[in-house]
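Any read-out appearing in this document is the output of simple, stated calculations on the displayed coordinates, not a laboratory observation. A quick note: this is a predicted structure, and the numbers were derived from the prediction, not measured. Here the Cβ positions follow ideal geometry from the backbone for every residue, glycine too, while neighbour counts run over all protein chains shown.
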Amino acid sequence: MEKLNIRSLEKLISWPQNRRIAFLSDIEWVKQIIQAVMMAKILSEIGNIKIILVDYSKTFLPEVLENVEKEYGASIMENILISNSLKFNVSNKVSLHIHNPSANEKTIHDFRENIFKVSSLFTIITDNKSSRALRQVRGLLKVYCSRVSQNVFMFKAILDKAMLEVSSRGIRDIYSILPEGLRKILRLLREASIEYGPLTVSDAVTIISHSIGVKRNVAHKILVKLTKYGAIKIEKNIIVI
């Protein structure tokens, strides 16, 4: 399924080599969309694998699964089993999805007591950024998700980061929502930052102006558009891509 080829996300999490991942965000609906998309992605690549969702906070909305299932054409609902505890046998032929293990002291205890006893083909965890439940857990790639603009989020792992759109429809690469002209400018700025190092706002304006033959005030407006899309950030006069 082409829609599930989210290349910047796959690169960030080293997919599918890395199969134990924790996505950490303080926005509940974002965590649910991430879980649902990862379920759809695993089903599309593995086939009709059994999905086990441990919903510790009892907040996961069925309509999120249904919407993502419809968007990507994945059979999530017919392959999913939902529980609120890890106290059951999990075989290595299932995909284990754990939602909000830090919900309270009881869920933290259940998670820590049982997470090392289970074996699964994939383990995908979503929790809040501070995630007390994960403090003593090793062997997981932690990905922190922070909002940049309305539906644009920065996904950041230990060595890399990716800008992605997250909405009720699922997850998309930032490139897929940019008009072609802005995609071209973003590529120019990325190439320049790789070659020359961090770019100031003035540097970026100069590069855009010279590359596409526009005045500096027009080039500056293009930069503003890129920030509104969430494709870049400006921090202390430095362009962050």
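Counting only residues 5 or more places away or on other chains, whose amide H sits under 5 Å from the amide H of Ser119 once H atoms are built in the peptide plane?
Under 5 Å from the amide H of Ser119 lie the amide H atoms of Val90, each far enough along the sequence or on another chain.
Please report Rg over Rh for segment 53-92, where both radii come from the alpha carbon positions and Rh follows the Kirkwood definition.
1.02
Using semi-axes √(5λ) of the Cα gyration tensor in Å as the read-out, say which of [x] 44, 17, 14; [y] 31, 20, 16; [z] 38, 18, 15 was calculated from these coordinates.
[z]
What's the Cα-based Rg to Rh of segment 178-240, Rh via Kirkwood?
Rounded to two decimals, Rg/Rh equals 0.91.
Let me make sure I get this right: for segment 134-207, a, b and c are the square roots of the gyration tensor eigenvalues over alpha carbons, sorted descending. Under 1.5 in a/c it's rounded, otherwise prolate if a/b > b/c, else oblate. Which is it?
Oblate shape, in that a/c is at least 1.5 and b/c is the bigger or equal ratio.
Filter the GluC sites (Glu not before Pro) in segment 41-93 down to the DSSP loop ones having no more than 13 other Cβ atoms within 10 Å, then list what survives.
Sites meeting the loop and neighbour criteria: Glu78.
Expressed as an acute angle from 0 to 90° and rounded to the nearest 10, what is the orientation of the C-alpha long axis of helix 201-212 relative to the principal long axis of the chain?
Value to nearest ten degrees: 70.
Okay, helix-only estimate at 222 nm for the chain: each DSSP H run of n ≥ 4 adds -39500 (n - 2.57), divide by all residues, round to 500 deg cm²/dmol; what do you get?
-12000 deg cm²/dmol
Taking only Cα atoms and a 10 Å spring cutoff, compute GNM fluctuations for the chain and point out the largest among Val68, Val94, Val54.
Val94
What percent does the relative contact order of segment 64-176 come to when contacts are Cα pairs within less than 8 Å and at least six residues apart?
20
On a 0 to 90 degree scale, rounded to 10, what angle separates helix 216-229 from the longest Cα axis of the chain?
Between helix and principal axis, roughly 10 degrees.
Compare Asn89, Asn100, Asn67 in a GNM of the chain, Cα atoms joined below 10 Å, and give the one with the largest fluctuation.
In the Gaussian network model the winner is Asn89.
Can you tell me the 0 to 90 degree angle between the C-alpha axis of helix 28-46 and the longest principal axis of the chain, rounded to 10?
The angle comes out at about 80 degrees.
Of all trypsin sites (Lys or Arg not before Pro) in segment 168-226, which ones are in loop regions per DSSP and have a Cβ with at most 12 other Cβ atoms within 10 Å?
Hits after loop and neighbour filter: Lys215.
Where does each of Ser131, Ser14 land when they are ranked from fewest to most other beta-carbon atoms within 10 angstrom?
If I rank by nearby Cβ atoms, fewest first, I get Ser14, Ser131.
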